[in-house]
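Visitor: What follows is a structure written as structure tokens; I'll ask about it next.
The values are calculated or read from the model by the stated rules, or taken from the named source; none is laboratory data. What you see is a predicted model, and the numbers here were worked out from it, not measured in a lab. Glycine gets a Cβ as well: all are built from the backbone with ideal geometry, and neighbour counts include every protein chain shown. Note: areas computed on protein heavy atoms with side chains; ligands, DNA, RNA excluded. Shrake-Rupley method; radii C 1.70, N 1.55, O 1.52, S 1.80 Å.
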Amino acid sequence: MATTSSASHQLVVLAAALALVGGLYVLPKGILKPKESRSELNSDAAKTANRDGGGSKTNGSKTEASSGPVPATATDNGGAHSDDDGHDHGPSAPAAAPHTTATAAQRQELARLLAQYKAAPNAEAQSAVAITLARRYESVERFDSAGYYLEQVALASPTSQNWQRAADAYFQAFSFAASDERVKLLGGKSRELYAKVLQKEPGNLDAKTNLGMAYMASENPVQGVTILREVLEADPRNEKAIYNMGILAVQSNQFDKAVKRFQDLVKVNPKNVNGQFYLGVTLARTGAKEAAKAAFLTAKSLSADPALAASVDEEIAKLK
């Protein structure tokens, strides 16, 4: 459940894992350094641990250290959440590893809440604890576990809001997944839950956009593109859908199309930092150096993020 404000602090918020069999790759949410080539970025993405638990040995340069290994089974929800989150994952689950993003106090609180969840006298009380548990797991970037407990809340009270909260948490985990198996598993879980949201709210374009992005990691990525286009047909000014379509164009090296998408995005919202930055990137790739420089400087003026400023400076230096 990433917020718009938190996303704005990242130079490159690569919207949800993008995986096309023909050449698009899963990219982590993080900063795309200008000096990195596409092949280097893809290589790093392949070894980057997802933040909801991939093991510190698989941690790439784009994310913080992971919070421990997760099982990779697709039965009974196992593998779609972390192995030490208080429910059975079956015999295939590995032993729990210590959190690397949680303090001792946070781990103690999680243990206390897990015990409280199991001892809850009724569904209402259990749901209340589950919501708190989910928040705590989010705070230590265990988004898969947060998704699991939010899904329990939704099963007890199947409102569209509850389904979306669970779907958003799994989608966050999906966005950081590195291995093909985790991408498919978490993408599938995201699609399942967003479908439940849309059954109740067919006009929910935020859920529909995320559903489209989750399809990009499926065996039917064309369906994802179709869904994103449907979102734009319903709302041509939808920033999230425009941005994601632009990212898809970048990853398939269709820079002319990408320029058009990011131009549309900054027309809708001139203060969209990522839109301005990517407009600069794509304009530079098409040889429009002066226009690219203007876009980069606009992006820099919109944010106090030193990482953004450094990356803009590097990109501008490459234009000379």
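Visitor: Using the Karplus curve 6.51 cos²θ - 1.76 cosθ + 1.60 with θ = phi - 60°, work out ³J(HN,Hα) for each residue of region 107-123 in order, rounded to whole Hz, and write x for Gly and Pro.
Guide: Coupling constants for region 107-123: 5, 5, 5, 4, 4, 5, 5, 4, 5, 5, 4, 5, 8, 4, x, 7, 5 Hz.
Visitor: On the protein heavy atoms, probe 1.4 angstrom, tell me the percent of accessible surface of region 166-320 carried by carbon and sulfur. Don't skip to the end; give the middle numbers.
Guide: On the way: 3330 of 6650 Å².
Here carbon and sulfur together make up 50 percent of the probe-accessible area.
Visitor: Skip the ligands, DNA and RNA, and give the accessible area per residue of region 106-233 with a 1.4 Å probe, whole Å².
Guide: On a per-residue basis, 42 Å².
Visitor: Along Cα→Cβ, 7 Å out, is where each label goes; now give me the distance between the ones at GLN108 and ALA294 in nm to one decimal.
Guide: Going by the 7 Å Cα→Cβ label model, 5.9 nm.
Visitor: Please compute the contact order of region 160-210 in relative form: average sequence separation of alpha-carbon pairs under 8 Å and at least six residues apart, divided by the residue count, as a percent. Don't skip to the answer; put the middle values down first.
Guide: Details: 45 pairs, mean separation 22.1, N = 51.
Dividing the mean separation by the residue count of region 160-210 yields 43 percent.
Visitor: Continuing with this model, one more query. Can you tell me which of 238-248, 176-186 comes out highest on packing, and rank the rest after it, using the mean Cβ neighbours within 10 Å?
Guide: Ranked by mean Cβ neighbours within 10 Å, highest first: 238-248, 176-186.
Visitor: For region 184-305, give the magnitude of the charge dipole about the Cα centre (Cβ charges: +1 Lys/Arg, -1 Asp/Glu; no others), in debye to the nearest 20. If you can, show how the numbers build up before the last one.
Guide: Working: 18 positive and 12 negative charges, 40 e Å.
With only Lys, Arg, Asp and Glu charged at Cβ, the dipole is about 200 debye.
Visitor: Modelling each spin label as a point 7 Å along the Cα-to-Cβ direction, I'd like the LEU155/ASP313 distance in nm, to one decimal.
Guide: For LEU155 paired with ASP313, the spin-label model returns 5.2 nm.
Visitor: Mind running the shape call on region 181-270? Use the C-alpha gyration tensor, a ≥ b ≥ c as the square roots of the eigenvalues: rounded below 1.5 for a/c, prolate if a/b tops b/c, oblate otherwise.
Guide: Verdict is oblate for region 181-270.
Visitor: Still on this structure, I have one more. Going down the list LYS184/LYS257; LYS118/LYS208; LYS208/LYS267, which pairs span over 32 Å between their C-alpha atoms?
Guide: Result: LYS118/LYS208 exceed 32 Å.
Visitor: Place the peptides 301-313, 261-273 in order of packing, highest mean first, counting for every residue the other Cβ atoms within 10 Å and averaging per peptide.
Guide: Listed from highest to lowest mean packing, they are 261-273, 301-313.
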